[in-house]
Every structure is written in C-alpha cells, then in structure tokens.
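Shown next, in structure tokens, is the structure this report addresses.
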Amino acid sequence: MSDYSILDSIDDPRQLASLNPQELKQLAEEIRQFLLEIVPITGGHLSSNLGIVELTMALHRVFESPRDKFVWDVGHQGYVHKLLTGRRGAFWTLRQRGGLSGFLVREESPHDHFGAGHAGTSISAALGMAVARDLKGENNHVVAVIGDGSLTCGMALEAMNQAGHLGTRLIVVLNDNEMSIAHNVGAISTALNRLRVDPRYHRAKADLDKMLQRLPGGGEATQKGRLVLHGLKALVVPNLVWEELGFTFVGAVDGHDQAELEEALQRAKHYKGPSLIHVKTQKGHGYGPAEEDATKWHGVAPNGSGKRTAPSYTEVFGKTLLREMESNPFLVAITAAMPDGTGLVPAQQRFPSRVFDVGISEQHAVTFAAGLASQGLPAVVAIYSTFLQRSYDQLMHDVCLQKLPVFLAIDRAGIVGEDGKTHQGLFDLSFLRSIPDLVVAAPRDENELQSLVHTASQYIAEERGAFAVRYPRGSGVGVPIDPEPRLLPIGKGELLREGRELAILAIGNAVGMAMEAAELLAGRGIDCTVVDARYLKPLDEGLILEVAGRHSRLVTVEENVVAGGFGSAVLELLAARGVTGASVEVIGIPDQFVEHGSPSLLRKAYGLTGQAIADRIAAAIPLPVAVAQVAL
C-alpha cells in the first residue's frame, strides 16, 4: 500500500486551505497514485480523473462547498471531488452494488449538488441554481465544470445563450483536454485548439477603458474606441465567441499549475455577470500509458473480469455493418462521439467519407440521419440505449413521421451494470413501441443479431421506413455464427420448444433465460413451450394467439421495464382479440430506476435469471407486486 499521509488527513475540503504549495503538490501525487491503485480494482473512469486533480483541488480551495455549488458535467470526472469530500474510506466500493456511484448522486453527499451521467447538462443546471440564488436573495457562487467534448452538445450552447442574455453571475470552467472518450470533432473543438488568450488581455482592456474616458468627446469617443478595440480583438482572436455570448473570458489557464488555476478562479469570483475560464488539461496526466492513449484508459474494467469466450454484440454489429456497407455504396453510418463503443471503427477506417462522428449530439445525429435518408442515402445511427432517450423527439418527428429509412442500432440495451441509474438501457422497448411506422426487434444471441443487422440494412435500402434493433452490452452467448446472415421476415417470431402446461414468451437476451428456466422446470416435471418473439413491433400475432389458445398460463420475460414493454404488448393483443381462459404473468424490471452493480448481481436481484424465473413459475404462491397478473 502506498503512503497517503496527506490524503489520509483530508476529511473535509476546508482542510485544503492550510496546505502550502509543496504539500499541495504532494497531495496531487497521492491522489493520482490512489486512483491508479483503486480504479483498476473496481473499474471506472481513470484518464479523466487523472487530468482534473489540480483543478478539483483549486475549486475546493477557492470556493466553499457545500455553500458554493459545483455542477460537474457528466460526473465521471468526480472521483477526486469524492476523495476530498469525505468518501475516501468507501472508495473500495466504487461502482459496486450498494457502494459509491461512479457518477455524482445528490443522495450520496451534500457536496454533490446535481447528479448526472449524460453530457451537456451542467450549464443549464448551474444557471438554474444561480437564478434561484438571486431570487432568494442569497450570495453563494455557482460553478459549472464542463469538458470540451460536452460543449458540442446543443443543450450546453442553449444554456450559454440564456446565461449571456440574463447576465446572471455564473462561472463556467471549460476543462479542455481535446478529448471526450474518443478525440473530439467539430468546429468548436477546432476553435478551442487554436484559442490561446493571454490573461493579461483583460488588464489591458481595463487600462484602455480608463484611457478612453480621458479623451475629448467623452462617452462618444469611449464608444468608438471600444468599437476599435472590438475590431482589433476580432482580428487577433477570431474564435473568441464567448464574449459575444455575454461571458467574460479568462484563459487559457494551465490546468496543472495550482497557483495559476487559483488566481483565475479568484478573479472570476468578482465578475458581476457570467464568466468562462478556459482551462487546458491533459487527460491521463501523471500516468504515462494514459497520457499516450487516453481513449484506452478512459474507462478500465475491474481486475479479474475475465477473458471473453465469445465475440461481443458490438463486434458482431460492427463486422456485419461493414459487410453491408461494402455491398451497398449508399449506406452511411453515424455515431455521437462513440465510434469505438458502438463498433464503427472498422467501417470508419474502411469508409471514412461515409461514417460520421457528430460529437456528443444525439439529437443532431438522428435528424442528420433523417436528412441523409431523405436524399436517398439510407442511414444507420449506432447509439447506446441510454443516449437514444435524448433524441426521442427527433426519432418521432424527423424520422418516423416522414417514414424515412433510418436504422437505429441500439447498443447497451437492458441491464448495463456498474454505470448505474443513468446508463441502464431499460426503457427503449417501452418508449419505442409507442411510435408508429417503426419496426422494433431484439436478437436472442449474436447470430440472430447478425441476421437482424442484415435485415434492417435491406429494409432501409428499400426505403421501407425506420427499423430499430436493440442488443445488450458485452459478450454473446457463444453460439456459432453463420457464414452468411439471413433475412428474417418482419414481424415473425420462432417457436423454440414445445410443451403442454405453460408457455414462456421472451424477447432479446431474455430468451436465453426462458430456455434455461424451461430446462429447470422440466426437471421438476413441468413441461414448457418457449417462444422467441424476436419482434416487439410488429408482434407475431399469429404465433402468440396460437400459443395462447393451447395454454392456460403464459409468462412473458423481458430485460426492460414492465410498464409499456413486451409483456404489455402481449396483454393488449390478447385483450383486443378477446382471448379468455389464460392468465398472463409479466416478468421484467419493476417501476423503478436500477442502481449500479455488476450485471449478474443485478439480474439475480431483479429475478432475471433462468433459476429465478423457474422458481417464480413453480411457486404456488401469490405473485409479487413487481409481476403483473391479468386474467383474460
């Protein structure tokens, strides 16, 4: 165990004020060593936290939390903040079920003023806090810390637009490390890479104002002089848009120079309106491998997580899509800052002009796809389930309403695990099912995913409309993958097992749970039918009605919230067709957000394992509240 003599003495951020420069330097080294020791054990975000050590220390030395409010964009870079606010002893539980969250959670600490897991929310939330402070007559500071990757979010720019209009006292710290997860893209990122403004500019501007006031002509001369200054500044610093938005700009500040950071933050405390401090940091700072490859070290898996025995669903999607793009020269693909996480890197390398990374802009990604599709280029949007939520209106209004050929490849659907409440993909079946003119499917294994990617690609190539395929995170189940994918008939499921006593209808990765449950029940003398529904929309009505006609008891299983999901669709179908004599049990996630923890532990906790399903079916007791039972 390393020596953490200074870090171990910090139980409250106010204790930082007594440290001298040498002690601060030692504390920064101890924090980085602590993160390098703990995060590989628990898993989590590493590079982003290594890069923000000095900035976090400076914030806590200059401001007084929890009276002053910090809003960390996304929150994945909040580990140092947690260490300095009394949670060091619990760090071994980071991202473990019942332990510390990998993001900021208001319930976890009074120093966590706003929770987040998605990008681009910090300035909006901080502005709301600042306006609330003013309306209540209070006098605290509000600081939003946002990365340059998050600044590509339209929401962040919308918030800056209003902040400049209101003139509210607000500090925005732009943590510019030229990275989000992958390298940043877009005009804003390019502008930031060019932007290097000397802090002495502000002193020079103040001196010039005083000089102009003494010129003959008074106010008119002053106004004309400022116009000249503005024009010269525009020539010298053409990308300085922040002051045009109403922000006082400070930068660029060395994000690893403690004294320079604190001086800039102290200066910002005295500005009357909104200000933006441009801080340059290095992602992975202080750890050579992370400095050289910040993308690889952005997030690390826990030690001992094991080697995969089957390709991941993401890899199968990426490989199959590349094949589809090779056969269709008009097929294009889009990612919102996740080319590696969504499996698009091979296609991006092979077809750089047909794969678009739009930055952390999910809404734009979907409407951009709609624009491409409207001009005869069928578009694939590869996106995580949790981030698809952000573009719901665009999917409905811009894609489906116009019946445009867009394929949504929805990764990380279902239980995701350690990233917790903000990242679980447990709602997509429900919110997608309500949208007209959208096909929704989920594969039971990696081989079926290959065929669904092929089917969806053909569907949009024929300009038949929008198609969504959702699939889980991680490795497939290990089935053989066919040399060539098949076209799977739209709206057709598959009968996998014939039984007499009851039928289990499942979709997506829940099919494997259903098959395991059926095997376990067979050992108890209970003979089950198992159906892979495959399509949520349109349902295979013929198959479901036929099965319902032969069984008095039906059980539906899905890795999705039960409200409005697959089970609800089956119940609606049976009710509409007047099916009687069958009871239906809907097994899925109850009406709550799912906490962080390993996927295996969470599935066990929520009864989504073969054993749990078999026990529930076999138990001759009233059904739990989390399971809906409707007699039709």
Residue (of S391, I31, Q15) at the positive-pole extreme of the chain, dipole from beta-carbon charges: Q15
Calculated FRET efficiency for the pair L545/D3, C-beta based, R₀ 51 Å, to 0.05: 0.15
Linear extension gain, Q611 paired with L496, 0.36 nm per residue minus alpha-carbon span: 39.5 nm
Share of Cα-Cα pairs in the range 313-470 lying beyond 25 Å, as whole percent: 18
Rel. contact order, % - alpha carbon contacts under 8 angstrom, at least six apart, the chain: 11
Three-way shape label, the range 443-531, alpha-carbon gyration tensor, a/c 1.5: prolate
The chain: translational diffusion in µm²/s, Stokes-Einstein, Kirkwood Rh over Cα pairs, 37 °C, 0.692 mPa s: 123
Nearest-20 debye value, the chain charge dipole, Cβ charges on Lys, Arg, Asp, Glu: 960
Equivalent ellipsoid semi-axes, the range 1-103, via Cα gyration tensor eigenvalues times 5, rooted, Å: 20, 16, 12
Label zone at T93, where the point sits 7 Å out along the Cα-to-Cβ direction: the range 105-126 residues whose backbone N lies under 18 Å: 105-112
Principal-axis tilt of helix 541-550 within the chain, Cα atoms, nearest 10 degrees: 50
Cut-off 14 Å, label 7 Å out along Cα→Cβ of Q389, residues of the range 341-371 by amide N: none
Fraction of antiparallel bridges per DSSP, the chain only, in percent to nearest 5: 20
Gain in span if fully extended, D11 to V477, counting 0.36 nm per residue against the direct Cα distance: 163.2 nm
On Cα atoms only, tilt of 21-42 relative to the major axis of the chain in degrees: 10
FRET efficiency estimate (nearest 0.05) - Cβ-Cβ, R267 to N20, R0 25 angstrom: 0.70
The chain: angle of helix 446-461 to the longest principal axis, Cα-based, in degrees nearest 10: 80
Computed helical MRE - 222 nm, the chain, DSSP H runs ≥ 4 contributing -39500 (n - 2.57), nearest 500: -11000 deg cm²/dmol
Relative frequency of Cα-Cα separations exceeding 17 Å in the range 78-183, percent: 59
Cα-only Debye scattering, the range 494-631: base-10 log of I(q)/I(0) at q = 0.16, 0.20 Å⁻¹: -0.76, -1.23
For the range 274-396, alpha-carbon Rg relative to the globular expectation (2.2 N^0.38 Å, N residues): 1.26
Packing-based ranking, highest mean first, of 280-288, 331-339, 130-138, 3-11 given that Cβ atoms within 10 Å are counted: 331-339, 280-288, 3-11, 130-138
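Bear in mind these aren't lab numbers, they're just calculated from the coordinates by the rules spelled out. Keep in mind it's a predicted model, so treat the numbers as computed, not measured. Methodologically, a virtual Cβ is constructed for each residue, glycine included, from the backbone with ideal geometry; neighbour enumeration extends over all protein chains shown.
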